[in-house]
1. Measure off 7 Å from each Cα along the Cα-to-Cβ vector at A:ILE95 and B:ARG187, then give the distance between these two points in nanometres to one decimal.
2. Residue-wise, which Karplus ³J(HN,Hα) couplings in Hz belong to the stretch B:92-104, taking 6.51 cos²θ - 1.76 cosθ + 1.60, θ = phi - 60°, and x for glycine or proline?
3. Largest first and in whole Å, give the semi-axes of chain B's equivalent ellipsoid, each being the square root of 5 times a Cα gyration tensor eigenvalue.
4. Pull up all non-local amide H partners of A:VAL57: gap of 5 or more, or a different chain, and H-to-H distance under 5 Å with H placed in the peptide plane.
5. Just need log10 I(q)/I(0) for chain A at q = 0.19, 0.20 Å⁻¹, Debye formula, equal scatterers on the alpha-carbon atoms, no solvent, rounded to two decimals.
6. Per residue of A:53-62, what is the mean number of Cβ atoms on other protein chains within 10 angstrom of that residue's Cβ?
7. Across all directions of projection, what mean area in square nanometres is found for the Cα convex hull of the stretch B:1-66?
8. Which percent of Cα pairs goes in each bin when the distances of the protein assembly as shown are cut into 10 angstrom slices starting at zero?
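A short reminder: the numbers here are calculations on the coordinates, not readings from a lab. What you see is a predicted model; the values in this text were computed from it and never measured. When we count neighbours, we look across all protein chains shown, and the Cβ atoms used for this are built from the backbone with ideal geometry, even at glycine.
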Amino acid sequence: MNWLPLWLACGLLTFAIRYSFIALEGHYRPPSWFVRWLPFVPIAALTAITVPELLLVSGKLAIGTDNPHLWAGLVAIAVAARWKNTLLTIASGFIALGLIRWVG
Amino acid sequence: MPTSLKRSSAFLLGVRALLPMLLGVAPFGVIYGVIALQSGIPPLAAVLMSSLVFAGSAQFLLAQLIGAGAPALLSVGAVGLINLRHALYSASVAPVLHALPRRWKLLLAYLLTDEAYAAAIPHLLADPKSPTAHWILFGSGFALWAGWQLSTLTGVLLGAQLPADLGLEFALPLTFIAIVVPLIDNRARLVAALVAGVVAVLLVTLPYKTGLFAAALAGLAAGAFFGEKR
């Protein structure tokens, strides 16, 4: 695997995103629709990655007891909504997964 | 008053604000190191990714995509998609950093992560005109950088000795849940999440996870459309 060019490409892109508005400050004002749309980006992107991970098992929809990740994920969603704490959310998901596997 | 804050005090203020977050970041970094090795990434490459890319959840996804044999261009696109949220932080800190020399802007942009931003921004907003405000962000950014390098290195060193079936990959969706759920504070954002999730499941059969991009765009458009209508 030719990893160094791939790492550099990903790193440069990430850096460009972080530098973007810092570099533009004072030279350019982004259009208002762009500023209004920006907050939806992380929500749409991360949810698109997460939901299939929770709902599918080997590429097939699984919403029963054969899918412990779904139920553990729902516990984590509830914890995240209630406490808004990253560490607590991740820990609750792993603990729920462990309990579900132990019981089932 | 914060205006009289010395450089060293501002730096340490930033470090102290970040330290509690390392509790969450360190296990995540260790898990990244383990998963990177399990995805077939050489140990040196796994360690170097932490300084060259330096973005936790993107590194996770990149490792998993490589493990799944995804093409390079798609992997770069996925990393960009995940990290696009950092443009928000860039816009937010830009006015505070406006008068600094370019080398400072380059350094602080490299260090601008979720955690560094979250730790420093309350202090930056409290006194944005302070001549040492950027040292607070540097303190937070540096503390996270050091913690991330150490924890991912630990994961790579441990990784070779751990069994492959620990189920640690579940940390990625859990982390995304922890980021996204608190962001959903109105109906337009909920619509964006629901549409993105449903479309992602419908398009999951598309090769190399390309359905993710379509799903993210659909969610973005749905959320923006719903937000404009109201």
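1. 3.6
2. Going residue by residue, I get 6, 8, 3, x, 5, 9, 3, 8, 6, x, 4, 4, 5 Hz, with x marking Gly and Pro.
3. Numbers: eigenvalues 195, 129, 42 Å².
They are 31, 25, 15 Å, listed largest first.
4. So A:VAL57 has HN proximity to A:ALA62.
5. Here the Debye-derived log intensity ratios amount to -1.02, -1.05.
6. Going residue by residue through A:53-62 and averaging, the value is 3.
7. Result: 5.7 nm².
8. The distribution over the protein assembly as shown is 6, 24, 35, 25, 8, 1, 0, given as percents.
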